[in-house]
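Structure record follows, encoded as structure tokens.
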Amino acid sequence: MAAPSNLQTELAVSTVVFALRPHPDTGELTLWLPLVRRIREPFLGQWALPGGPLEPEQDLVSSARATLLETTGLAPRHMEQLYAFGNVDRSPSSTRVVSIVYWALVRQDEDTDAVEGENLEWFPADDIAEEAGVLAFDHGLILAYALDRLRAKVTYSPIAHAFLPEKFPLAELRRVYEAILNRALDPSNFRRQILAQRSVEDTGERMTGTAHRPPRLYRSNPDRTRYTLTIQETP
């Protein structure tokens with residue numbers, strides 16, 4: 001459909017934030033995200049991704065970080081540009097809004113800074129993605145795209161490590177993969193593949209404060225930024 005000749009264009013920045021929290025029904029670790037309730041038209045009262053217009057004096061990532069900190073209290077280390085969404089009819093107004101979308105992955109120690117308020121609430125990401133039309137604008141499409149991208153990227157890059165502290169046991173890394181992929185994985189096969197691909201390196205340290213034999217601690221291997229995992233479910 002051709003755009004009207006008098007259509008104005010604005011730039012905006014939005015962020016899909018993923019953190020790992022227990023699901024309220026199953027207790028299993030799963031992906032969550034914060035949403036902001038719109039307090040004006042269009043889509044008054046509906047949930048939307050954190051974001052806002054790009055101010056003339058701000059660059060893209062500074063705008064995304066500032067909005068995220070203001071709305072959620074979060075300042076995650078891992079933040080990268082995801083995609084640009086700019087369909088002519090994505091906003092029901094006389095202004096065409098082009099959104100530069102970032103995604104942020106939140107570590108557990110960073111998640112403690114998250115806030116909730118009257119117009120901000122956290123939701124399990126897959127539950128929201130399954131509810132067609134619950135999000136304002138095309139934010140449901142953006143969320144689905146972010147989930148697909150994350151689940152694809154986790155099979156060939158160390159992006160799952162962004163949810164973990166610098167040092168971690170392999171069992172914790174597997175739980176992150178399970179939360180992202182939303183299914184149980186075979187522990188032995190996962191361990192074998194991770195070590196074979198050299199995506200992690202042994203720190204020579206062991207976890208403290210455990211009742212049994214403490215597990216080894218690993219860290220991300222900075223020399224391995226791309227590899228291939230064949231993810232197998234638990235038999």
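The values are calculated or read from the model by the stated rules, or taken from the named source; none is laboratory data. Not measured: the values here are computed from a predicted model. Please note: Cβ atoms are built from the backbone with ideal geometry, for glycine as well, and neighbour counts cover all protein chains shown. Accessible surface is based on the protein model in full, side chains and every heavy atom, while ligands, DNA and RNA are left aside. Shrake-Rupley method; radii C 1.70, N 1.55, O 1.52, S 1.80 Å.
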Return the pairs, sorted by first residue and then second, in which the second residue is open to solvent by less than 50 Å² (accessible area, probe 1.4 Å) and in a strand (DSSP E or B), the first residue lies in the range 21-32 and is aromatic (Phe, Trp, Tyr), the beta carbons are less than 6 Å apart, and the residues are 6+ apart or on different chains.
Trp32/Ala19; Trp32/Arg21; Trp32/Trp122; Trp32/Pro124
Hits in the range 133-159 - residues which are exposed (fewer than 13 other Cβ atoms within 10 Å of the Cβ) and aliphatic (A, V, I, L, M)
Ala152
Restricting the range 111-132 to residues that are in contact with a helix residue (DSSP H, G or I) (Cβ under 7 Å, 6 or more places away or on another chain) and free of Cβ contacts under 8 Å to residues at least 24 places away in the same chain, the one most open to solvent (accessible area, probe 1.4 Å) turns out to be Ala132
Test: Glu233 is at pLDDT below 95, in contact with a strand residue (DSSP E or B) (Cβ under 8 Å, 6 or more places away or on another chain) and loosely packed, with under 12 Cβ neighbours inside 10 Å:
yes
Counted residues in the range 1-21 being open to solvent by less than 70 Å² (accessible area, probe 1.4 Å) and either modelled with pLDDT under 95 or not β-branched (Val, Ile, Thr) (or both) come to 8
Is it the case, given these coordinates, that Asn182 is open to solvent by 80 Å² or more (accessible area, probe 1.4 Å) and within 26 Å of Glu80 (Cβ to Cβ)?
yes
Residues of the range 125-153 being of a type outside the set (D, E, K, R), in contact with a Leu (Cβ under 7 Å, 6 or more places away or on another chain) and within 24 Å of Phe168 (Cβ to Cβ), which ones?
Ala125, Ala146
Among the residues of the range 60-93 satisfying the criterion of being of a type in the set (D, E, K, R) and within 25 Å of Ala19 (Cα to Cα), which is nearest to the chain's Cα centre (by Cα)?
Glu80
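So, in the range 196-220, how many residues would count as being over 21 Å from the mean Cα position of the chain (by Cα), in contact (Cβ under 8 Å) with a residue 24 or more places away in the chain and not in a loop (DSSP other than H, G, I, E, B)? Step through it out loud before you land on a result.
Within the range 196-220, the first condition is being over 21 Å from the mean Cα position of the chain (by Cα), and the residues that meet it are 196-198, 200-218.
Of the ones still in play, those that are also in contact (Cβ under 8 Å) with a residue 24 or more places away in the chain are 197-198, 200, 203, 205, 207, 215-218.
In the following step, the residues that additionally are not in a loop (DSSP other than H, G, I, E, B) were identified as 197, 200, 203, 205, 216-218.
So the count comes out to 7.
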Condition first: among the aliphatic types (A, V, I, L, M), surrounded by fewer than 20 Cβ atoms within 10 Å (Cβ to Cβ) and within 17 Å of Ala114 (Cα to Cα). Now tell me which residues in the range 49-71 satisfy that.
Ala66, Leu69
